[in-house]
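This report refers to the structure that appears directly beneath it.
Every number here is computed from the coordinates shown, using simple stated rules; none is lab data. Here the structure is a predicted model, which means the values were calculated and not measured. Backbone-built Cβ (ideal geometry, glycine too); neighbour counts: all protein chains shown.
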Amino acid sequence: MRINGDVVPEYPLSWQARALTGVMWGTLKPASTLLMRHPLALAGAARVGELARLVQAPQPEHVSIVPAAFSDCGGEWVRGGEELEEGKALLYFHGGGYFSCSPRTHRSITWRLSVVARRPVLALDYRQGPVHKLADSLTDALDAYECLLRRGHAPEDVIVAGDSAGGHLTLATLLALRDRGMPLPAAAVCMSPWTDLTDIPRRANRWQDPLLPASRVRWLARRWTDGLDPRDPLVSPVLGDFTGLPPLMIMTGSTEVLRDEGRRVAEAARRAGVPVRYEEWRRMPHVFPILADVLPEARMAFRHIARFLAAAGARPAVRDDEAAA
């Protein structure tokens with residue numbers, strides 16, 4: 001597999017994907033329209049997120065979860081099995097619009113990443129709004145990466161990944177590390193990244209996206225950039241200079257309102273000489289890999305991630321039995 005290229009995976013759309021998309025249209029998208037409209041609603045959602053941290057979702061028997069502590073935040077080590085390379089790590093930033101979700105809500109992603117990357121995953125519980133700022137989230141991400149290096153992990157043995165707002169944090173972290181002269185990780189994976197926080201209207205997939213209302217994404221961007229320069233690459237990574245960054249994989253759904261932001265990052269990074277694997281999955285919703293417990297397409301996505309990491313030299317080559325799993 002070559003890294004540099006655009007891919008539209010071929011697959012028959014599953015009945016599970018059709019059913020879930022319909023459910024999202026009827027429930028989650030209207031809820032998002034109401035939620036991302038008033039600051040009090042965001043504060044309420046953040047409180048609900050705090051309660052969700054107490055819920056223990058069932059995990060496969062081979063998955064282990066160990067709490068982790070840092071200077072201003074916590075997280076958890078996720079291991080998707082026993083035969084992992086403990087000297088290596090994958091640092092993961094969950095999505096949630098910078099105001100909701102946690103490592104717990106994204107375990108269906110993190111344990112599978114541990115399996116395909118063959119290493120423990122450090123899922124960071126970084127600080128979020130509305131109490132904290134974007135700069136606080138970025139500080140936590142940088143602290144966690146530097147902590148891995150202090151604990152003996154070589155930069156080339158670290159992978160960084162994230163989804164949605166966590167994809168934003170992934171790119172901002174890479175740019176900040178590069179600008180500070182820090183050694184960079186071996187590779188990065190962004191699932192449905194939110195990369196443009198400037199005040200732009202999103203017209204592409206405005207009606208097709210089954211989950212995110214374009215106008216509400218724009219409203220949320222205004223909230224988080226209040227008092228900031230939205231064109232700062234650490235605020236809107238899509239506007240950054242990607243020179244010197246490690247190989248990137250960007251995975252989006254074809255009907256997402258954020259699709260074009262991921263594509264623009266891929267194009268800009270390639271112009272800067274960065275190898276980029278851009279995958280656009282037909283009719284898949286925002287951050288569809290989180291649905292791997294029920295979506296066959298989402299499970300397939302992790303096999304694609306394994307092949308990318310192998311091509312980037314961040315894991316051994318994918319065996320035939322792995323590719324068919």
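General observations
- Amide proton proximity set for Leu90, modelled H, under 5 Å, gap of 5+: Val121, Leu122, Ile159
- Between Val131 and Met1, the FRET efficiency estimated from the beta carbon spacing at R0 = 30 angstrom works out to 0.10.
- Protection proxy ranking, peptides 137-144, 227-234, average beta carbon neighbours within 10 Å, highest first: 137-144, 227-234
- Cα pair distances exceeding 26 angstrom across the chain, given as percent: 42 percent
- Segment 222-325: C-alpha gyration tensor shape, a/c 1.5 cut-off, then a/b vs b/c: oblate
- Under 5 Å from the amide H of Ile250 lie the amide H atoms of Cys190, Arg277, Tyr278, Glu279, each residue being 5 or more positions distant or on a separate chain, with H modelled from the backbone and absent for Pro and chain starts.
- Three-way shape call for segment 114-205 based on the alpha-carbon gyration tensor, with the a/c threshold at 1.5: prolate
- DSSP finds beta bridges in segment 5-312, and of those with both partners inside it, around 30 percent are antiparallel.
- Descending by average beta-carbon neighbour count within 10 Å, the peptides 6-16, 62-72 line up as 62-72, 6-16, the highest first.
- Between Ala272 and Asp293, full extension at 0.36 nm per residue minus the direct alpha carbon distance yields a gain of 3.9 nm.
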